[in-house]
Amino acid sequence: MNLSFLRLIMVVSILFCSGSSTAGEWGKGIKRIVLPFGLTANQLPDPQSKGAALLASYCGQCHNLPSPKMHSTGDWPMRFEKMMDHAMLMAGTSPDVKIPVDKEKKELVSYLEKNGFRELPANSPLRGEPQVFNVIWFCSVCHAVPDPDQFPAKEWGKIVDRMNSYRKKQGREEMSNSDRKVVINFLAKERQ
């Protein structure tokens, strides 16, 4: 069996069986994981859309809602499938976990792709810049490398600081001040 899959099962089992602040009662027999960076349904992009309603309904069964901007448009289909594998595992242990039907799955993936962030294309000349190593090192642990052009230069400092705080909450190594500057300089750099 795949070692990564076994680790995932172990972590999920610990979270669902623990009585700590990382889990709480949700529904009848479902333990709810509290993500330190999750959203409420009204904070989702286009909260009145069918995709947002499905995300809140299905994903909210087990944890607070992920921001669609957590992953790139290209990452979401694979991330969604991994979560469906997890949901199927959870549904096997609790009849209260509901699984979306195929049409709903397509709607969910479409919503996530529409609202995900734009990643830096694989053939982008920016991938040849020396600073990109730091960006790949820190960003790609959780998601694809973002395309710097999708946000104004002045926004990148706040975004990088928010990501660095998530790293800390997840127990990952935080960026040093010099690494932070390199990453922000790459993302906020004026390009022709």
Query raised in the report: Can you find a residue in segment 141-163 that is surrounded by 16 or more Cβ atoms within 10 Å (Cβ to Cβ), small (Gly, Ala, Ser) and in contact with a helix residue (DSSP H, G or I) (Cβ under 8 Å, 6 or more places away or on another chain)?
Result: no
Query raised in the report: Taking residue 113 and the conditions (1) closer than 30 Å to residue 49 by Cα; (2) more than 14 Å from the chain's Cα centre (by Cα), which numbered condition does it fall short on, given that it satisfies the others?
Result: (2)
**Report entry** Residues within segment 119-140 that are surrounded by fewer than 16 Cβ atoms within 10 Å (Cβ to Cβ) and closer than 16 Å to residue 76 by Cβ, tallied
**Finding:** 1
Report summary line: Checked against (1) under 30 Å from residue 175 (Cα atoms); (2) free of Cβ contacts under 8 Å to residues at least 24 places away in the same chain, residue 85 satisfies every condition except (1)
Report task. Kindly establish whether residue 152 is in the same structural domain as residue 132 (by TED's automatic domain parsing), closer than 19 Å to residue 71 by Cα and out of contact with any Leu (no Cβ under 6 Å at 6 or more places or on another chain). Result -> yes
Query raised in the report: Any chance segment 173-180 includes a residue that's within 19 Å of residue 118 (Cβ to Cβ) and not in a loop (DSSP other than H, G, I, E, B)?
Result: no
Query raised in the report: What is the residue count in segment 92-110 for residues that are more than 16 Å from the chain's Cα centre (by Cα), surrounded by 15 or more Cβ atoms within 10 Å (Cβ to Cβ) and aliphatic (A, V, I, L, M)?
Result: 1
Query - Selection count where residues are surrounded by 13 or more Cβ atoms within 10 Å (Cβ to Cβ) and free of Cβ contacts under 8 Å to residues at least 24 places away in the same chain, scope segment 175-192 - result: 2
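The values are calculated or read from the model by the stated rules, or taken from the named source; none is laboratory data. Quick caveat, the model's predicted, so the values are computed rather than measured. Methodologically, a virtual Cβ is constructed for each residue, glycine included, from the backbone with ideal geometry; neighbour enumeration extends over all protein chains shown.
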